[in-house]
There are 2 protein chains.
Amino acid sequence: MPGMSDALKAALRDRADAVESTLDLLIPEITDPEGRVFEAMRYSVLGGGKRLRPFLVLTTAEIFRVAERSALRTAAAVEMLHCYSLIHDDLPAMDNDDLRRGRPTCHRQYDEATAILAGDALLTRAFEVLAAETTHADPSVRCQLVSELARAAGPHGMVGGQMFDLLTERHGDTRDALDVAAITRMHQMKTGRIIGFSCMAGAILGKAPPQLRQALQAYAHDLGLAFQIVDDLLDVEGDPATMGKSQGKDAASGKVTFVTLLGLDRARDHARILGDQAISHLKVFDGEADLLRDVVQYVLDRKS
Amino acid sequence: MPGMSDALKAALRDRADAVESTLDLLIPEITDPEGRVFEAMRYSVLGGGKRLRPFLVLTTAEIFRVAERSALRTAAAVEMLHCYSLIHDDLPAMDNDDLRRGRPTCHRQYDEATAILAGDALLTRAFEVLAAETTHADPSVRCQLVSELARAAGPHGMVGGQMFDLLTERHGDTRDALDVAAITRMHQMKTGRIIGFSCMAGAILGKAPPQLRQALQAYAHDLGLAFQIVDDLLDVEGDPATMGKSQGKDAASGKVTFVTLLGLDRARDHARILGDQAISHLKVFDGEADLLRDVVQYVLDRKS
């Protein structure tokens, strides 16, 4: 990809591979009658995606010298949670998408019931993995991981954001009241909170002091928002062949996005400013956070 | 109810009230745009149900002198998990039910998207509540609660059982291969594991010795199965006015149940034998477990 540092390129690839192997171990194939739900979990979780969230977990964990196994299991749990949200969001009753990561969505590949259950199972498995002794010797660390992820994923976080998003799409009346502040809040809930957890997980595992946690939280906040604005831009400007998912959906549904509110140029500017701001929060880490700086550029430049 | 001891009657009522108040506090009404998902969670969780699982949590917790707040929060978490499973199982893509606890199911009252999200949010909130410091001072106890509930609810437990159940309903070929052993395994996964957790939770909170945990596990196993057989009996013999949910569905769908496999009389006998067996496991608790003994009779005699 243009402009991506070699260090980032190698790290993204290596970490994606390591997370893939971990997921493969954590969600086995089984031959029992209920094996179909494992198959659908594996279909949705293996062999695809940017693995941005796991990358953030592994990269912040490295800053705090966290043991590899702890970091990988936590990264895998976050990816399970992310994939559960994609499966449920793609359902006919929600966004009704046929394509994801260039393949049929889970309910198109299997059926709706299996997709609902595979999502439920991934969500449950994510918490099981975080709470397990193999993830960290200290149970208070594990409890903190479970609490923080639940808060980020629950009705005040991701699920609430998705509800909010669906409501704005469906009711023209509320749509008119949406401004940049409201859209920002919605995305902060829908995607920002899990990106925030991903950046925080390494700090929790490494028992980092509050000051460093705050820096990562501020970084994640700006990165997450920049990520979302680029998503809105890609829905307008992206190349469907590269994207691997439906495109032009926002415009077709008359959805309020950063692009409809700000226009293409100002939306692009806004993302860039947030990216700079994200990087500025990393000063306290000096040279330890170079990959986190590089990933901001990657998020801004991404084509899918 | 006929045959129910006064002690059990009072305990069921008092504990259901206490759980109701706890749930009311743990899932507040909110006025934000995403408030609809909280509303749907509250609709599904408040004001109904037998509260059997919370009752088992509170009653085993009492045996081990667990603090009331710990027991109530754990009981509420189990009920959230139970209600999430009902919401998702009732969806059109699953069992397609219109009626639950005498009221429209969540997706009939709201819509499918809201019901999916309300279920997801309840599942997530259950883990959040268990992992919170307010539930127990000892983080290793909290981690154990999260692990055990996740295992009971995940693809090897409840979700796997529901997948298995759906597959047997839909494919005539597998249906012919179903015998009592296969049906027992399926129900042990689908409902037994969560009933098992409910009986175990008090022992986990009270750090009970292994021998007592095993006794409770054995009790829960037999109670859960008896519960399920009565469910199958009620689907044939129950009074729709009392049941508060659709009835006669098993026969209509040609589903394999304990009743189709054993006939009414032998199914009733089987439930009674399991009930006696459940009670026999409680010997080690002497007079401390009278309510657990009474609840077996209640489960066998229930009309809804």
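Filtering the range A:97-117 to residues that are at the interface with chain B (Cβ under 10 Å from one of its Cβ atoms) and either crowded, with 20+ Cβ neighbours inside 10 Å or in contact with a strand residue (DSSP E or B) (Cβ under 8 Å, 6 or more places away or on another chain) (or both) leaves A:His107, A:Ala113, A:Thr114, A:Ala115, A:Ile116, A:Leu117.
Say we look at the range B:179-194 and pick out the residues that are among the hydrophobic types (A, V, I, L, M, F, W, C) and modelled with pLDDT under 95; which of these is farthest from B:Leu261 (Cα to Cα)? Give the steps one after another, and end with the answer.
Residues of the range B:179-194 that are among the hydrophobic types (A, V, I, L, M, F, W, C), as a first pass: B:180-183, B:186, B:189, B:194.
Then drop every residue that is not modelled with pLDDT under 95, which leaves B:180-183, B:186.
Working: B:Val180: 7, B:Ala181: 11, B:Ala182: 11, B:Ile183: 9, B:Met186: 14 Å.
The extreme case among them is B:Met186.
Taking the criterion of being β-branched (Val, Ile, Thr) and modelled with pLDDT of 75 or more, the residues of the range A:224-254 that qualify are A:Ile229, A:Val230, A:Val236.
With the structure loaded, tell me whether B:Arg15 is buried (at least 16 other Cβ atoms within 10 Å of the Cβ), within 16 Å of B:Asp290 (Cα to Cα) and within 18 Å of the chain's Cα centre (by Cα) or whether it fails that test. So B:Arg15 passes the test. Being among the aromatic types (Phe, Trp, Tyr) and at pLDDT below 95 holds for only one residue in A:Phe197, A:Phe258, and it is A:Phe258. Figure legend. Inter-residue proximity from the range A:143-168: first residues more than 7 Å from every other protein chain (Cβ to nearest Cβ), second residues part of a helix (DSSP H, G or I) and among the β-branched types (Val, Ile, Thr), beta-carbon distance below 7 Å, spacing 6+ or different chains. Indicated pairs: A:Gln144/A:Ile204; A:Leu145/A:Thr74; A:Leu145/A:Ile204; A:Glu148/A:Ile204; A:Ala152/A:Ile194; A:Met158/A:Ile194; A:Thr168/A:Thr174. May I ask you to verify whether A:Ser147 is farther than 24 Å from A:Leu25 by Cβ, of a type in the set (Ser, Thr, Tyr) and modelled with pLDDT of 95 or more? Against the criterion (farther than 24 Å from A:Leu25 by Cβ, of a type in the set (Ser, Thr, Tyr) and modelled with pLDDT of 95 or more), A:Ser147 qualifies.
Take the residues in the range A:103-127 that are β-branched (Val, Ile, Thr) and in a helix (DSSP H, G or I), then tell me which one is farthest from A:Ala77 (Cα to Cα). Before the answer, list the steps.
Applying the first criterion (β-branched (Val, Ile, Thr)) to the range A:103-127 yields A:105, A:114, A:116, A:124.
Cutting the leftovers down to in a helix (DSSP H, G or I) gives us A:114, A:116, A:124.
Details: A:Thr114: 20, A:Ile116: 18, A:Thr124: 10 Å.
Per the stated criteria, the residue is A:Thr114.
Just to be sure before I move on: is B:Ala208 under 16 Å from the mean Cα position of the chain (by Cα) and more than 18 Å from B:Thr257 (Cα to Cα) in the structure I sent? Give the derivation first.
Numbers: under 16 Å from the mean Cα position of the chain (by Cα): no; more than 18 Å from B:Thr257 (Cα to Cα): yes.
For B:Ala208, the condition - under 16 Å from the mean Cα position of the chain (by Cα) and more than 18 Å from B:Thr257 (Cα to Cα) - is not met.
If a residue has to be touching a strand residue (DSSP E or B) at 6+ places or on another chain (Cβ under 9 Å) and either polar (S, T, N, Q) or part of a helix (DSSP H, G or I) (or both) to count, how many in the range B:13-49 make the cut? Count: 2. Of all the criteria given as (1) farther than 26 Å from A:Asp231 by Cα; (2) crowded, with 17+ Cβ neighbours inside 10 Å, the one not satisfied by A:Glu29 is (2).
All told, A:Gln211 meets the bar of being in contact (Cβ under 8 Å) with a residue 12 or more places away in the chain, surrounded by fewer than 16 Cβ atoms within 10 Å (Cβ to Cβ) and either within 19 Å of A:Lys50 (Cα to Cα) or not β-branched (Val, Ile, Thr) (or both).
Of all the numbered requirements in (1) outside any loop (DSSP other than H, G, I, E, B); (2) under 22 Å from B:Met163 (Cα atoms); (3) within 13 Å of another protein chain (Cβ to nearest Cβ), B:Met94 misses one, and that requirement is (1).
Check whether at least one residue in the range B:193-209 is more than 8 Å from every other protein chain (Cβ to nearest Cβ), touching a His at 6+ places or on another chain (Cβ under 7 Å) and over 26 Å from B:Asp90 (Cα atoms), and report yes or no.
In the first step, residues of the range B:193-209 are kept if they are more than 8 Å from every other protein chain (Cβ to nearest Cβ); the result is B:193-209.
Now drop any that are not touching a His at 6+ places or on another chain (Cβ under 7 Å), which leaves B:194, B:196, B:205.
Among the residues that remain, those that are also over 26 Å from B:Asp90 (Cα atoms) are: B:205.
Yes, the range B:193-209 has at least one match.
For the range B:33-41, check the following and say yes or no: at least one residue is under 20 Å from the mean Cα position of the chain (by Cα), modelled with pLDDT of 95 or more and more than 14 Å from chain A (Cβ to nearest Cβ). Within the range B:33-41, not a single residue is under 20 Å from the mean Cα position of the chain (by Cα), modelled with pLDDT of 95 or more and more than 14 Å from chain A (Cβ to nearest Cβ).
With the condition kept exactly as written, say whether any residue in the range B:53-67 is more than 7 Å from chain A (Cβ to nearest Cβ), without any contact (Cβ under 8 Å) to a residue 60 or more places away in the chain, surrounded by fewer than 24 Cβ atoms within 10 Å (Cβ to Cβ) and not small (Gly, Ala, Ser). Scanning the range B:53-67 turns up no residue that is more than 7 Å from chain A (Cβ to nearest Cβ), without any contact (Cβ under 8 Å) to a residue 60 or more places away in the chain, surrounded by fewer than 24 Cβ atoms within 10 Å (Cβ to Cβ) and not small (Gly, Ala, Ser).
If the condition is being more than 7 Å from chain B (Cβ to nearest Cβ) and touching a residue at least 40 places away in the same chain (Cβ under 8 Å), then the range A:124-137 contributes A:Ala126, A:Val129, A:Leu130, A:Thr134, A:Thr135, A:His136.
The values are calculated or read from the model by the stated rules, or taken from the named source; none is laboratory data. Here the structure is a predicted model, which means the values were calculated and not measured. All Cβ positions, even for glycine, are placed from backbone atoms using ideal geometry, and neighbour counts span all protein chains on display.
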